[in-house]
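Notes follow the structure.
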Amino acid sequence: MANPVIGRCPICSESLRVVRLECQACGTRLEGDFTLGRFHALSAEQLEFLGTFIRARGNFKDVERELGISYPTVRSRLDAVIRALGFPSQVEPDRDAERRKEILRELAEGKIAPDDAATLLEADR
């Protein structure tokens, strides 16, 4: 089984580029400068969230229930995915402050781990 393609350098976190493609069936090789696409800009956590969001067909209540998080957290994570994909976010500045408070509250209540809180706070920047 092949390893999944990563989109960020494990050393400096910059975007990686693909320089060679090869057909496993016939051996044809293409060399050049290929992009990975938007979804490779997402972190593993964002991809997992997106999978849950799609499985729930965009129903925030189902995402809340499946992940055990609040509505503001679902919205914030979706906004972070939207921004990571390069689309403009429509989060108002006041909502950003509220979102940070929500993350810290969930951390204090033990609903999310410190690493998850740090990731969420970083994504909201």
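The set of residues in the range 93-125 being under 29 Å from GLY7 (Cα atoms), of a type in the set (Asp, Glu) and at pLDDT below 85 consists of ASP96, GLU122, ASP124.
Those residues that are assigned to a loop (DSSP other than H, G, I, E, B) and not β-branched (Val, Ile, Thr), I need them from the range 1-20; list them, please. Give the steps one after another, and end with the answer.
Here is the first cut: in the range 1-20, the residues assigned to a loop (DSSP other than H, G, I, E, B) are 1-7, 9-14, 16-17.
Once the filter is applied, which keeps residues that are assigned to a loop (DSSP other than H, G, I, E, B) and not β-branched (Val, Ile, Thr), the range 1-20 yields MET1, ALA2, ASN3, PRO4, GLY7, CYS9, PRO10, CYS12, SER13, GLU14, LEU16, ARG17.
Looking only at residues of the range 17-47 that are surrounded by 13 or more Cβ atoms within 10 Å (Cβ to Cβ) and under 16 Å from ALA2 (Cβ atoms), we find that the one that is nearest to the chain's Cα centre (by Cα) is HIS40. The residues listed here are ARG8, ARG55; of these, the one that is basic (Lys, Arg), under 16 Å from the mean Cα position of the chain (by Cα) and surrounded by fewer than 15 Cβ atoms within 10 Å (Cβ to Cβ) is ARG55.
For the range 58-73, the candidate set comprises residues that are touching a Leu at 6+ places or on another chain (Cβ under 9 Å) and surrounded by 15 or more Cβ atoms within 10 Å (Cβ to Cβ); within that set, the residue that is farthest from LEU121 (Cα to Cα) is VAL63. The criterion of at least 2 residues that are aromatic (Phe, Trp, Tyr) and in contact with a Lys or Arg (Cβ under 9 Å, 6 or more places away or on another chain) is met, among helices (runs of 4 or more DSSP H) falling completely within the range 21-125, by 44-55.
The values are calculated or read from the model by the stated rules, or taken from the named source; none is laboratory data. Nothing here was measured: the structure is a model prediction, and the numbers come from that model. Backbone-built Cβ (ideal geometry, glycine too); neighbour counts: all protein chains shown.
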